[in-house]
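This report concerns only the one structure given below.
Just so it is clear, none of the values below were taken in a lab; they were calculated from the coordinates. Treat the numbers as computed from the prediction; the structure is a model and nothing was measured. Cβ atoms come from the backbone with ideal geometry, glycine included; neighbour counts cover every protein chain shown.
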Amino acid sequence: MSMDAIKQVADSEELAKVCVAKAQAEAKTLTQEALKAGQAMLARARQEAQEQVKAAMAQAEAAGAEKGKAVLAEYEKECEALKAKAGAEMDKAVVQIVGRVVRS
């Protein structure tokens, strides 16, 4: 093998080593960038999920408050009806008690 051929092989090997080193460095950089992008996407997804949970909780609390008001209003109505009935029964009870006292 001639000296020129040996030099050409050595140069080619050196060039191949440089190309491999560049490719490895580029692969490492791409991997780091992909990792950072993935972490950013994960952070955004978590933030969005937290915001959705807060919105759902607020909506549930509002719905619960409305339902509570409706239930309270219904019980107040029932209470008023019972008071009215008790007032009417009270008059009857007073008449009966007075009637018994007077007969005694």
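Details
- Per-residue extension of 0.36 nm, minus the Cα-Cα distance of Ala58 and Lys7, leaves a gain of 10.8 nm for this segment.
- In order along the range 39-56, the Karplus-derived 3J(HN,Hα) couplings, from 6.51 cos²θ - 1.76 cosθ + 1.60 at θ = phi - 60°, round to 5, 5, 5, 5, 4, 5, 5, 5, 4, 4, 5, 4, 5, 5, 5, 4, 5, 5 Hz, and Gly and Pro are given as x.
- Unit charges at the beta carbon, dipole of the chain: most positive-side option, Thr29, Met41, Ala81: Ala81
- Electrostatic bookkeeping for Gln39 treats Lys and Arg as +1 and Asp and Glu as -1; over the other residues with beta carbon under 14 Å from its beta carbon, the sum is +2.
- All C-alpha pair distances within the range 1-76, sorted into 5 Å bins from zero, spread as 3, 12, 7, 9, 6, 7, 7, 5, 6, 5, 5, 4, 4, 4, 3, 3, 2, 2, 2, 1, 1, 0 percent across the bins.
- P(r) for the range 32-82, from all Cα pairs and a bin width of 10 Å, is 22, 22, 17, 15, 11, 8, 4, 1 %, short bins first.
- The number of Lys pairs in the chain with C-alpha atoms less than 20 Å apart, excluding pairs fewer than 8 positions apart on the same chain, is 8.
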